[in-house]
Amino acid sequence: MSWAGFSLGPFTPGPTLSEVHQFEALAELGVILLMYSIGLEFSFRELLEVKWVAFFGGPLGILFSVALGATAGWLLGWNTTQGMAVGAIVSVASTMVLSRLLADRGELRSPHGHVMIGITLVEDLAVVVLTRPASLAE
């Protein structure tokens, strides 16, 4: 559970969100802020330099996490869907946390920093597919 979801949920004092539209608007605002802050740190040209590594590394990382989640779920007695869902959730890295860590270490503009940010941006785009409403998946 995220801190934002916890703090705006029905079990805490203060403002609460209860309608789906409110959650969607808040989520879209979060994505806009994320992409804006990443845009401040990187140019599109810099990210295109690592496009092949990112476009292959991102999905491979997601598939590995989903397989690992399914395996762990199987060992815990869960059904396959539950294990895959946990794996998909774990696979989504935080681009902002990673970019802050790299910036603090002075490695944000390094070749491996570009690769790592590129991979996490591809994973962020995969979140759109992984979290689409079930009605659209049918």
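The values are calculated or read from the model by the stated rules, or taken from the named source; none is laboratory data. Just so it is clear, the structure is predicted and the values come from calculations on it, not from any experiment. Cβ: placed from backbone, ideal geometry, glycine included. Neighbour counts: every protein chain shown. Side chains are part of the model used for accessible areas, which takes the heavy atoms of the whole protein and leaves out ligands, DNA and RNA. Shrake-Rupley method; radii C 1.70, N 1.55, O 1.52, S 1.80 Å.
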* Asked: Any chance region 91-107 includes a residue that's surrounded by fewer than 14 Cβ atoms within 10 Å (Cβ to Cβ) and touching a residue at least 40 places away in the same chain (Cβ under 8 Å)?
  -> yes
* **Set 83, 118, 69: member being among the small types (Gly, Ala, Ser) and within 21 Å of residue 49 (Cβ to Cβ)** => 118
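Could you tell me how many of the residues in region 47-68 are open to solvent by 30 Å² or more (accessible area, probe 1.4 Å) and either assigned to a helix (DSSP H, G or I) or modelled with pLDDT of 85 or more (or both)? First the steps, then the outcome.
Let us first name the residues in region 47-68 that are open to solvent by 30 Å² or more (accessible area, probe 1.4 Å), namely 47-49, 51-53, 55-56, 59-60, 63-64, 67-68.
Going one step further and asking which of them are either assigned to a helix (DSSP H, G or I) or modelled with pLDDT of 85 or more (or both), we end up with 47-48, 51-53, 55-56, 59-60, 63-64, 67-68.
Residues meeting the conditions: 13.
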* Asked: Failed condition for residue 72, given (1) at pLDDT 85 or above; (2) open to solvent by 50 Å² or more (accessible area, probe 1.4 Å), with all others met?
  -> (2)
